[in-house]
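S.K.: This is the structure, below, for whatever I ask next.
The values are calculated or read from the model by the stated rules, or taken from the named source; none is laboratory data. Since the structure is predicted, the reported quantities are computational estimates derived from the model, not experimental observations. Note that we place each Cβ from the backbone using ideal geometry, even for glycine, and neighbour counts take in every protein chain shown.
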Amino acid sequence: MRRLFFIGIIFIVFLASASYLVSPFFVHADTVESTQTDIEALQQKINNRKTKQEQIQHTISAYSKKIQKTQTQTASLKNQIAILNASISKNQAQINLTSSTIATLSLQIQQLSLQIQQKQQNITKQKQLISALLRNIQQNGSKNMVEVLATYTSFSQFYNQMQGVRTVEKDLAQTAKALGVAMQQLQTEQKQVKTQQQTYNKMQEKFIQEKKQLQEQRIGKQDILDQTQSSEKRYQTLISSYKALYRQINNDIRTAEHQMRKKLAEQNKLKRLPPGATQLIWPISSHFITTFFHDPEYPYNYLYCPKGEVPPACGHPGWDIATPENTPVHAAATGYIGQVHYCSSASCYAYIMIIHANGISTVYGHLHHIYVAQNQFVTQGDIIGLSGAVPGMIGSGPFTTGAHLHFEVRKNGIPVNPGNYLYQ
């Protein structure tokens, strides 16, 4: 008898809620259809953008190969200008790629926003449907068996309706499950929007830096033409003087480090340095690297590479990190100031070398202001100076075309890749 009464109650719920089950899932079908059309149109635009980006990538790769091939040839004014021209063209293509990527990210954010709107409509309707079913269960739960059976002319009719009740139960379970899935998808897409927005902001910053770099490359090219007056002889004299300057700076740093470590050991001061592996922090807030360690596309690798050698066997000894002039420069790790080279002119290269534990040292170049002195003990994060590298600014040194910090990491006096030591 209890089973029969329960079946009757379920069927009453079925009758009361049938109108909800047969109605369309969304209230405004035309709005939903329009939203879906917009999403598909945005996807087509995104696909077109990505196709264009692939073409730009091929162009960038072609310029990279041209630069690296020319690097292997004899150092001459003609080849140097060819490298600079290819670098400028490559950077312009990179700017176009970044611009297209920004536009694509904007489209993807719009698309995700519409998808979120769809999910929210979906969730709202599913909640309304479940609420209606639960209300009807509550409202009809008090009806007795006589009232239920009075509506049927035969038991077979009653049995057929019970089959419909089972379908309702199944649909109700599926609706509840669909609600859970929709809510999970909504949360995922909301996180995607946040991630895409962060990427969008970073790409905007990258775009600004790339435009600055392009301008600096053009300045560098013109500077070489002005200094050499398009004369091969003048060019060879210029690069010989720059090579000699680099060798002198490198030897000064290595000698100063060797002498300072010996002195610190004699004074038993090395024990103040933190034990364990040396972990470095970024010396400045900017993380935009314009030239990497032994960068195969650095236009002036001949300054650091012996004749006949090319990167990665040799080349640029550190990272150039783009940053506005007078940016605070921080000690990458705790240590002693092993060398300070002050300057009073723009042609002079100002730098600091810090000695750390485990044979590690760091070098900070193109400094406009220096706040520390040799033998001074500094802790990680201390401000040691201000960046420079702007042509004509005191401490920038020769052969610089724009504001940045030159940062080196050395192991036992030999330059190594900073990326292997910096917290990323």
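S.K.: What's the total number of residues in region 379-401 that are over 16 Å from residue 418 (Cβ atoms) and outside any strand (DSSP E or B)?
M.R.: The total comes to 15.
S.K.: If you don't mind, another one. In the set 119, 65, 127, which member is within 25 Å of residue 212 (Cα to Cα) and either at pLDDT below 95 or surrounded by fewer than 19 Cβ atoms within 10 Å (Cβ to Cβ) (or both)? It would help to see each step written out before you state the result.
M.R.: Values: 119 fails: within 25 Å of residue 212 (Cα to Cα); 127 fails: within 25 Å of residue 212 (Cα to Cα).
Going through 119, 65, 127 in turn, the sole match is 65.
S.K.: Here's another thing I want to ask about it. Can you work out which of the residues in region 326-354 that are surrounded by fewer than 23 Cβ atoms within 10 Å (Cβ to Cβ) and of a type in the set (A, V, I, L, M) is farthest from residue 401 (Cα to Cα)?
M.R.: 337
S.K.: Of the residues 234, 218, 261, 254, only one is surrounded by fewer than 16 Cβ atoms within 10 Å (Cβ to Cβ), out of contact with any Cys (no Cβ under 6 Å at 6 or more places or on another chain) and not assigned by TED's automatic domain parsing to the domain that holds residue 82; which? First the steps, then the outcome.
M.R.: Working: 218 fails: not assigned by TED's automatic domain parsing to the domain that holds residue 82; 261 fails: surrounded by fewer than 16 Cβ atoms within 10 Å (Cβ to Cβ); 254 fails: surrounded by fewer than 16 Cβ atoms within 10 Å (Cβ to Cβ).
It is 234.
S.K.: Is at least one residue of region 232-239 within 20 Å of residue 348 (Cα to Cα) and free of Cβ contacts under 8 Å to residues at least 40 places away in the same chain?
M.R.: Checked region 232-239: at least one residue is within 20 Å of residue 348 (Cα to Cα) and free of Cβ contacts under 8 Å to residues at least 40 places away in the same chain.
S.K.: Looking for whichever is over 30 Å from residue 235 (Cβ atoms) and over 31 Å from the mean Cα position of the chain (by Cα) here; the options are 380, 376. Which one fits? Break it down into steps so the answer makes sense when it comes.
M.R.: Working: 380 fails: over 31 Å from the mean Cα position of the chain (by Cα).
The match here is 376.
S.K.: Give the residue that is nearest to residue 298 (Cα to Cα), with candidates limited to residues of region 74-95 that are touching a residue at least 40 places away in the same chain (Cβ under 8 Å) and outside any helix (DSSP H, G or I).
M.R.: The selected residue is 75.
S.K.: Output the number of residues of region 278-295 satisfying the condition of being assigned to a loop (DSSP other than H, G, I, E, B) and aliphatic (A, V, I, L, M). Explain how you work it out, then say what you get.
M.R.: Start the filter on region 278-295 by keeping residues that are assigned to a loop (DSSP other than H, G, I, E, B), which leaves 278-279, 281-288, 292-295.
Checking the rest, the ones that are also aliphatic (A, V, I, L, M) come to 281, 284.
Result for region 278-295: 2.
S.K.: Now, a different point. When the residues of region 177-215 are filtered to those that are surrounded by 14 or more Cβ atoms within 10 Å (Cβ to Cβ) and small (Gly, Ala, Ser), which remaining residue is farthest from residue 299 (Cα to Cα)?
M.R.: Of everything passing the filter in region 177-215, 178 is farthest from residue 299 (Cα to Cα).
S.K.: Scan region 383-424 for residues that are within 18 Å of residue 329 (Cβ to Cβ), of a type in the set (A, V, I, L, M, F, W, C) and surrounded by fewer than 17 Cβ atoms within 10 Å (Cβ to Cβ) and jot them down.
M.R.: First, pick out the residues of region 383-424 that are within 18 Å of residue 329 (Cβ to Cβ): 383-390, 393-397, 400, 402-410, 418, 421-423.
Subsequent filtering for residues that are of a type in the set (A, V, I, L, M, F, W, C) retains 383-384, 386, 389-390, 393-394, 403, 405, 407, 409, 422.
Once the filter is applied, which keeps residues that are within 18 Å of residue 329 (Cβ to Cβ), of a type in the set (A, V, I, L, M, F, W, C) and surrounded by fewer than 17 Cβ atoms within 10 Å (Cβ to Cβ), region 383-424 yields only 383.
S.K.: Examine region 241-261 for a residue that is of a type in the set (Phe, Trp, Tyr), assigned to a helix (DSSP H, G or I) and more than 25 Å from residue 387 (Cβ to Cβ), and state whether such a residue exists.
M.R.: Keep residues of region 241-261 that are of a type in the set (Phe, Trp, Tyr), which gives 242, 246.
Next, only the ones that are assigned to a helix (DSSP H, G or I) stay: 242, 246.
Keeping just the survivors that are more than 25 Å from residue 387 (Cβ to Cβ) gives none.
Checked against the condition, which is being of a type in the set (Phe, Trp, Tyr), assigned to a helix (DSSP H, G or I) and more than 25 Å from residue 387 (Cβ to Cβ), region 241-261 yields no hits at all.
S.K.: Please find, among 129, 112, the residue that is aliphatic (A, V, I, L, M), assigned by TED's automatic domain parsing to the domain that holds residue 210 and farther than 28 Å from residue 205 by Cβ.
M.R.: Being aliphatic (A, V, I, L, M), assigned by TED's automatic domain parsing to the domain that holds residue 210 and farther than 28 Å from residue 205 by Cβ holds for just one of 129, 112, which is 129.
S.K.: Quick check on residue 248: is it within 30 Å of residue 124 (Cβ to Cβ) and of a type in the set (S, T, N, Q)?
M.R.: Details: within 30 Å of residue 124 (Cβ to Cβ): no; of a type in the set (S, T, N, Q): yes.
It is false that residue 248 is within 30 Å of residue 124 (Cβ to Cβ) and of a type in the set (S, T, N, Q).
S.K.: Look at region 403-424 and say how many of its residues are in a loop (DSSP other than H, G, I, E, B) and within 23 Å of the chain's Cα centre (by Cα). Step through it out loud before you land on a result.
M.R.: As a first pass, look at region 403-424 and keep what is in a loop (DSSP other than H, G, I, E, B): 403, 412-413, 417, 421, 423-424.
Going one step further and asking which of them are within 23 Å of the chain's Cα centre (by Cα), we end up with 403, 417, 421, 423-424.
Residues flagged as in a loop (DSSP other than H, G, I, E, B) and within 23 Å of the chain's Cα centre (by Cα) within region 403-424 amount to 5.
S.K.: Quick test of your reading of the structure: residue 312 fulfils all but one of (1) crowded, with 18+ Cβ neighbours inside 10 Å; (2) over 22 Å from residue 395 (Cα atoms); (3) of a type outside the set (Phe, Trp, Tyr); (4) touching a His at 6+ places or on another chain (Cβ under 7 Å). Name the failing condition by number.
M.R.: Tallying (1) crowded, with 18+ Cβ neighbours inside 10 Å; (2) over 22 Å from residue 395 (Cα atoms); (3) of a type outside the set (Phe, Trp, Tyr); (4) touching a His at 6+ places or on another chain (Cβ under 7 Å), residue 312 fails exactly one: (1).
S.K.: Tell me which of these residue 101 doesn't satisfy, since it passes every other one: (1) out of contact with any helix residue (DSSP H, G or I) (no Cβ under 6 Å at 6 or more places or on another chain); (2) more than 28 Å from residue 313 (Cβ to Cβ); (3) modelled with pLDDT of 95 or more.
M.R.: (1)
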